[in-house]
Structures are given as C-alpha cells and as structure tokens.
1. Could you tell me which of the residues B:THR777, B:THR755 is buried (at least 24 other Cβ atoms within 10 Å of the Cβ) and within 14 Å of chain A (Cβ to nearest Cβ)?
2. Going by what's in this entry, would B:GLU540 be described as assigned to a strand (DSSP E or B), among the acidic types (Asp, Glu) and open to solvent by 10 Å² or more (accessible area, probe 1.4 Å)?
3. Restricting attention to the stretch B:988-1005, report how many residues are within 13 Å of chain A (Cβ to nearest Cβ) and in contact with an Asp or Glu (Cβ under 9 Å, 6 or more places away or on another chain).
4. Please state which one of A:ARG64, A:ARG46 is at the interface with chain B (Cβ under 7 Å from one of its Cβ atoms) and not acidic (Asp, Glu).
5. Quick check on my filter: what residues within the stretch B:375-395 are in contact with a Phe, Trp or Tyr (Cβ under 7 Å, 6 or more places away or on another chain) and more than 14 Å from B:PHE348 (Cβ to Cβ)?
6. Need the failing condition index for B:TYR794 against (1) away from chain A (no Cβ under 14 Å); (2) open to solvent by less than 10 Å² (accessible area, probe 1.4 Å); (3) not aliphatic (A, V, I, L, M), just the number.
7. Just give me the residues in the stretch B:545-558 being open to solvent by less than 60 Å² (accessible area, probe 1.4 Å), in a loop (DSSP other than H, G, I, E, B) and farther than 13 Å from B:GLY752 by Cα, in sequence order.
8. Would you pick out the residues in the stretch B:509-531 that are of a type in the set (Gly, Ala, Ser), surrounded by fewer than 19 Cβ atoms within 10 Å (Cβ to Cβ) and assigned to a loop (DSSP other than H, G, I, E, B)?
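The values are calculated or read from the model by the stated rules, or taken from the named source; none is laboratory data. For clarity, every value in this text was computed on a predicted model and none was experimentally measured. Backbone-built Cβ (ideal geometry, glycine too); neighbour counts: all protein chains shown. Keep in mind that these areas ignore ligands, DNA and RNA; they rest on the heavy atoms of the full protein, side chains included. Shrake-Rupley method; radii C 1.70, N 1.55, O 1.52, S 1.80 Å.
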Amino acid sequence: MLLIDCPHCGPRDENEFRYGGQAGIAYPDAPGELSDGEWAGYVFMRDNPKGWFTERWFHAHGCRTWFAVERHTVTHEIRTPVQEIR
Amino acid sequence: MTRLPSGGLIDRSVTLPFHFDGRPLHGHPGDTLASALLAGGVRVVGHSVDLGRPRGVFSAGAEEPNALVRVGADPMLAATTVELRDGLRAWSLRGKGRVDPDAVDERRADKGYLHCDVLVAGGGPAGLAAALAAGESGARVILLDDQPRLGGDLLSSRVRLDGAPALDWVAAAERRLAALPEVRVLVRTTAIGYYDHNYLVAVERRAAGERLWHLRARRVVLATGAHERSLPFPGNDRPGVMLASAARAYVNRYGVRPGGRAVVYACADSGYEAARDLEAAGVVIAAIVDPRPQAPAGHAVTGTITGTITGTTSDADGLLTGVRIGDQHLEADLLAVAGGWNPAVHLFSQSQGRVVFDDALQAFVPGASAQAERSAGACRGLYGTREAIEDGYAAGAEAAGRDGDFAVPSSDETALRPPAAYWGELSPDATAFVDLQRDVTVADLARAAGTGMRSVEHVKRFTTAGTGADQGKTSGALVAGVMAELLGATPGQLGTTTFRPPYAPVAFGTLAGRDRGELSDPVRTTAMHGAHLARGAVFEDVGQWKRPRYFPLDGEGMREAVLRECRAARTGVAAMDASTLGKIDIRGRDAGAFLDRIYTNMYSTLAVGACRYGLMCTADGMVFDDGTTTRLGEDHYLMTTTTGNAAAVLDWLEEWRQTEWPELDVRLTSVTDHWATVAIAGPRARDVLAAVAPGALDLAFMRYAGTEVLGVPGRVFRISFSGELAYEVNVPWHYGRSLWEGVLDLGAVPYGTETMHVLRAEKGFAIVGQETDGTVTPQDLGMSWIVSKRKPDYVGKRSHSRPDTARDGRKRLVGLLTDDPDAGLAEGAQLLRESEVPARMLGHVTSGYASATLGRTFGLAMARDVAPGDRLTAVSGTATVAVTVVEPVFYDPENARRDGEPVAAGIVSTAPEGRAESPAAAFAAGFAAAGSQSVRLRELPATPMWEVRGADPGEGLRLGPDWWLVVRDGPAGEGWVEVSGQRTVLELAGPGALDVLITGCPLDLHPSVFTGHAQTLLAKAPVIIERDGDAYRIYVRSSYTAYLAEWLLDALGR
C-alpha cells in the first residue's frame, strides 16, 4: 500500500487514489491534422521505464485533485515535491 | 511428570485442564500447549507429512516445524505458539492441517489502523531499548511482540544484568514505557508483513478473535531476534531432539525438564549456556559435542567431546535413546542442538532489503536497507544481551532523530566465540533431515544438485524445502549451507530464497475481519429501499447499488413478473426507482463548450429547459457512457450517467477539466445522492403525474420543469427509455420514499431493471456495458446520427477516422428474432452461419428477452458481415437456437407512442403527502441502544448543505483546493449547489469513539494530527470526518448511510 502525498490533503493510502498513467501526455492541439500513426502514438503509446517515472494520480476519495509525482517503478520511492498539474 | 518444583514464569497456583488427542492433561497460566505437553510427558506430538515419522516438540516459538496441532476450529497451529487455556482441546496432526467442519467458532476477528513515528517489531532487549530511546524523546511509538509478555529471549535465560536478574531490567523498561502516553505496546502481536512505504501488517491474538493491525510508520526498528538452527545428521528428527535454545526455554521459562539425560551439540556457544541451564535444572549432561577444538573459557560443564554427531538411536516408538559420535554411543533422551543462529531477517527481506552472508557469523544478515528501517540486536547478528541493548538504544534514538546517552547494563554473559563453519556431513542416510516439516533430507538436496540445479529457488521448488507452514525458519539457511557444500560454493554465493509475507500463518478469517456477510463490501441503497424490501423485490447488484430487478407478486417467477411489468408499462402506467443514475451538476460560463468537447453531439446550442441524449467516448473512440443532459439555465446543466459508471464519468470530467482545459470556467458537483428519482412510464403516466407534479403536466417531450413535487421543490424531466410517455420525477432524497409510495398508490405498477432492459431493447436502445464492452464505437451501434460532423473536435473524434474504426466488417448492433418464439437467447451466445465450414464466429448475443408486447423472444447482438434476413445459429454451451437477423428496433419504429394518453376524464386524484425521512431514520433506536458510557452514536438533525466551488465562501469545510461544504441554516450564496440530501451526518462521541473509527479508517486520526476534518474512507465508504473534541461527525453519502450504520452498530457491538 503506497503512501501518496496529496498536495492538498497530505499523505494518504494509495486506495484513496485513482491511477492516471504517464504524466505530460498533452492532448494534441489539432488532432485532425495528425497522421494515423501520430494519433495512435497519443492514444496508445506510453513509456514503461525501469526507474523513475512521472505519473498522474487523482485523489478520488479526498480533494479530487489531479496531480503528478515521480515514482521509481522498482523501489516505489516517490520523489517530492509533487507537481500540481494545473 | 517432568515439571520442575519451582522456577519459571508459570503460575503454579492455577491449574488449567486441557485435552490432547482426547487425553486429559493440565498445565498452568504462562504455559504454551507445547510446554504443557512436555510437562505432561507427551513426547510424540504428531507425525511427519510424507514419511509419517513420529515427531516431538522441536522449538519454543514460531519457528516450530514439528509440533503441529489442530485446536478447535483452527485447522493447524504450532503447539509452541498456542497459549494454554482452560479447557483447550487439541489434536495431533500428520504434517498438515485438518478442518473440523463441525467446530463452533464464536471468535470475531477485527482490524485496526495505527500510525506512528517509530514502529519497533520485537520486544526483546534490543526492541525494548529502541522503544525506550524513541519513546522517551516524545515520539509516537508502537512496540510489537508476539509473546504474551515482553522480554524476548530474556524470558528464557538466566542472564544477570547489572548483577540482577535480567527480568528486573525488563520490568523497569516496561514501567518506563507505561509512563509514556505516546507509546503503545501490543503483546501477543506478530508482525507478518512488511510492505511498501513502511506499511506493516500484524496479527494480535485475542480470546475474542484476532485483530489485524495495519501499521504505517515513519521509521521502523526491526528487533526480531534470531532463530537457532539444527544440523543434518541421521536421525535428527527423533522426538527428544530439540533446539538447544528451546531446551533452555523449557527449563528456565516454563519450569519443564525436556529430558533427564542430555547430549548438547554445541556448534555455537549458545549450546554451553543451554547445558549450564539444563544442568542447573537437574538434567544430567552426558556430553557436550563441539566440532570446534576448544571449549569456551570458564564454562563449568564438564564432558566436552570435540567432534560431530553422526547418528541417533531410538526405542520401538521412535523416541530418542542415544547419540552416536563416530564409534561412541551415549545414552540420552534429550539432544539439544545448537547449530548456530539464523537472524530473523524475514521482515527486513520483505521490505526489499538484501540479505548478505556474514562469514564470521556463518549467517545471513541484513545488508543495505531499502526503506526507512534498521535492524537492531540479534536480527543483525548481535547476540549478546548487552550488545543488543546498546544497539537497540542507538536504533531507537536514530529513528526518533535524537541524541542520547543511555545506561547500558553490564551482563554476566561470556563473550561468544564464532560459531563452527559447519553445515553437517553430506550423509546419504535417508533420515538426515534438512527441513523437518517437509521431510526434506540431505539426500533430496543432493538429488537436486545432481539434476543440475544451482539456484536455491529451484531447489526449493524441486524439493519443497522451505514451503511448509514454518516457511523454513529453522531450515532455510541449512538448505543454503548444504547446497553450498554439495556444489563447492559458499552459502553467500547461493543466497537465500525470497522471504515473503506472511511471516507466520494467518487465518483467512483474520484477514476478512468484520468484512464478511452483509459488511463484506459497501452497499448503496436508495431512499426507496425500505419500500422495495417490504414489497418483496428481488434485487440485483449494479456496482455497489442494490437495485430491484423485479417485483414478484404471489408465486411469480422472474419471467411472469417481467411480462406483467412490461404489459403495465406498455398499456397502463408503471414506475421504476431510477435514483441510482449518476447526476452531475455542471455550472459555469463554459459549461456548454465543455460538454461539446465531452459528448459526441452538441450541447452549447441546447435551449434552456431542454433535454438531450448524449454519448461520450474515450480518446480511442469507443463508447464510454451515455445519458441525458438537460440545460437547467444559461450556464447550468444537469448530466445523468449510467448507474455503474457514475463515479468514473465524474472522474473523467474532472480529468479533462483539470488537466487539459483549465481555462474553461466549469464546475462539477455530484448530486446523485441529493435527488431521489422515480421514472413513471406508460400511456397513462399523466394520470399519476397530475397528482404528484401537476406543474409539469404540459411538458413537451425532452423538456424539463423545475416544479413542486408533492409540494416540495422538485424537478421533472420528460424523457423516455421505453418509447412510452414517461417522466423522471426528482425530489430531494428524504422525500424519495414518500414519492415512490405515492406514485404506486396512484396505480403505477412497480417495475425493476429487468423490465427496463426489456422495454429499451424492444426499442433497440443499447445499454453501455451490455451492448458495449470498450470495443464499440457509436457508429458500430448504428448511432452515427449522434456523432457531430460540425464540431471541430470532441474526445474520440480523431479515432473515429482511424483505419480500424472506419473499416467495413466491424461488428454492428443488430436485432435477432428466434425461429421458435419461446426459445430463449442466452447473453454471450456465439453467432455463426451453419452453412459456413469452418464456421466463423460472427458475433455474440448481447441481450435476450421474452417480450410481452411482441409475444415472443427476441434479442440484440453485435455481429459482423450480417444483414437483415440472414439466418444464423446462436450457440451457447450445447444449446443452439435458430435466429433471423432483423433491424434492431422491434417496437413502434415511428415513435408514435411517446405522447401517451391525455389525463383520463373524471380522474380526481389528490396529491399524496410529501413526508421527509432520513436514510438513518430506521436506525435511531438501534443507535440509542448501542451507546455506552464510552461511546455514543446518533444521527444529527438534517441541516441545509451546499457545495461551493471556486471562490472561498469564507465558511464551511474546505474539501479541496477550491471546494467547500457549507452546512447551516440561512440563505445560500450565489452559485452554490444545494446538496442537503446528499449526505447524512452521524455523530460518534465519547472517549471510545476513536477506537471505533480506527477499525475502519486508514487515516491517521491521532488527536495531535487530526484536528479538523478530512474527506476519506471509513469502512471502505467515502465520508467526511469532522472532529470536535472526542466527538466525530461523519458525513456519509445518503446511499451509503444504511451500510455505514450497520457497520457502526457492528463495531459498537464488540
């Protein structure tokens, strides 16, 4: 059970959160102008590193804020400070 | 009788009778079952799992491989871990557990959540010192120990500290700990798992039932001690062979002589300590056998033989009669083996720390830490009492972030020499056991090596060594040692197998705790639930909701009930509880633009007061959810979602609002539990509406009216999911039951989800999650009409022109008619053409029903390469049903039915009375009865509530960065969303309130930390908890109120 430091609520158990996958994948400005391959890259392709990974979490059972943290995918260490997405 | 006349930590003034295999015996408080069995002269406690060899008590703790027993409803326990109690009945086992299906088990397991600065696992000298050092600096400390009393190994030793018995030092430490308010000591509590982010799980054994503690610590000190290990030699499993530390524990702690004449095998100096203590208790020491050339300085026991044990002898019952040292045979009924020590690195290893082999100690010890943790004392190889205490103080001080000068007592122990680097002879004898519980011998390991296995993990799986309930606590290092000898390597090169939780066996009932039966998962019920129960509804689970599936009248099965309910909706008037649909209040200047981006169709152009059906997709273009969204005002919409998807949709909207479109002015508030909803459907629906909401009588199709319902402010939407004239009538939650009863009193026939499904299927309306499964686009559903071509973008738009979604030959929604009008169509049945060989799977049946209106069975399916008129076969298991493909609209394709009939002439219906009822109303008496001096439970009177988003209202509970809940009488502010029905407020008060909350709330509720309020989970249900002294106000969603009330009453009943 990870302990995730919510920027608003402080440290809470992982099961209060919803996982949001890799952070920093912005919705394309003009999807209609993308090739099929480029669009598939946005929709389907994500990094899967062994090591540090910037990912999004949503505090579903708390303040309902989306935020990003860096987590090490081997040790589960979470680096602070967390980054607010907005 | 082998009980000593005096000494030990047992209370001889009290006799505890018990039975073993039906034989009456007795012991005393302070005994374990194992010590009482030894005292009663029971030498064979069970038989081994594969070979059926007689086995006796081998250890004095959780590492026991041999003495397995069934006790009452517990199918397998180690006798060394069972505290003796009056009337206990135990049965011997042959290596594995036996369930007694008739056993009565009245224990009730529970759980609890605790947080601390420093968690100390183990209450021996190191753990006590660590807890003292941390606790006396003011830290919040939890100290766990698996024994009934603190002291660890000191309970079993005759060590003197500062010239006094070591237990005096323990007693003084306990007194100091007891004076520290922030130190919590849990005895009879075994830490069984160490997980990420310093999350540990421990089992507390209580007579009333075990308690599973979930512990979160800022820092952890592991002071888990060490287990002595045996050595493999022929006949090392006979009853009478015992760990030297165990023999010492039995004489010193339990006042039991485990034998009359002993040989001590001292590969480590603990053997000499055991020999000295056994001799002091009157046991004759026949010899001490030590592979090391020199005995330690100053030991007073005579008869040391330099050498190794090569075998044992036994009597006809298999009991030990003697020991062989080469050609020499010594008579003995006790062989105390000190094979060396295995530091208990289990929790350290579970924390992902790597163990390393220490050549001097001949043991695996903790290497670098992976978490905020350190080991202290014997579990890192510091076996001396003084060294352990010193290390414990240092570990506790470090964990608490303090300096300290600690008074470390002097000890009368002699300095320990390095143990023998000895793992036994590679004997081919079939009785030289490495793992006693699994009957694994040196010969088995040799066979594994002979097949080419080099990894201890492979050897473990091949031989099963280490897979018993003891998880190889005494044998794990032995396997590495013997394998190293077999392979010409060192134990360090082989390493250990992975240590996995649980450290000790744990019952499933303990893991379940109170989460069983009705409380196994949160249940959501509507305001009408009591009425549904009274009417005998049959429920189905939709997410966590209980929804009536149908309402059988006397003797009806589902088919008859549903046909009757459908007929009522098609020919008269019927009503359904639609409260479970998700309802999201959407406000802001950009609410319309936001919805345009979310839905495939347009909302910014919707007229105020109009409703529109919408479909939303995920970015991959697949249908995600659907529902009707209404424009309540210029900048104000109400979205409805499917029941099962309500939370996911709100999360989805928040994701786009927060992470992609923060520039949009839009605010989202769930009002699902604020409104109770009744769908009234049928050509005569107006007759009912005229009485309950006359102000909405003139509503046009797909229009909304804010109007009085039962005399209270409500909302009426004229929308239809059946094709009939239909209204969804909303009232604040507390009036829901009143509305429902009123509607039924006016003649509406209650119908459930099954009828709702049939009615919509007759109209060809797809259900998200039934016709769709995350691979279906709107176009696949034949709903291209709802996908805007004009909008520049919406979520999923680009995916609708991907090659895969735009191609021909995708599965599409079709209708099916069975050749046999009575043949049922099973959902999931595969569709194929019998003429095709080999047959292709063309698709599957998504819905299959019997229709009262059509007088026949029919279905919906997702299928490719089929057209109306095609003849297919639906195959489910061995059943085949011949079907014909048709357009997926079976009823009223011209939508001629949706306006229904005018109000019947001569109907003079009086409005039923609106009566408010809280979701907790039924529990008031139960709450009052469950209260005690220590804790009281009540519902607080209903008070108006609003959720406020955006600017700080300057009052209320702040729930998020720009989100507040205001609870008070008086006028609302601009733009506040009324949610008075959304939550019920329960108050748990009194000095015992916190102890109730920690059984279900993972949050740190310590009074120094939890001073205001928090939104979190209680009993897995979402709540806001607000603290006021020792009173806690619990704001619970109305749909969870009954569940949480039951949970609280269950907690108070303990």
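1. Going through B:THR777, B:THR755 in turn, the sole match is B:THR777.
2. Values: assigned to a strand (DSSP E or B): yes; among the acidic types (Asp, Glu): yes; open to solvent by 10 Å² or more (accessible area, probe 1.4 Å): yes.
So B:GLU540 fits the description; yes.
3. So the count comes out to 2.
4. The unique qualifying residue is A:ARG64.
5. Within the stretch B:375-395, B:TYR383, B:TYR393 qualify.
6. Unmet condition: (1).
7. Within the stretch B:545-558, B:GLU556, B:GLY557 qualify.
8. Within the stretch B:509-531, the subset of a type in the set (Gly, Ala, Ser) is B:509, B:512-513, B:517, B:520, B:527, B:530-531.
In the following step, the residues that additionally are surrounded by fewer than 19 Cβ atoms within 10 Å (Cβ to Cβ) were identified as B:509, B:512, B:517, B:520, B:530.
Listed by number, the list holds a single entry, B:SER520.
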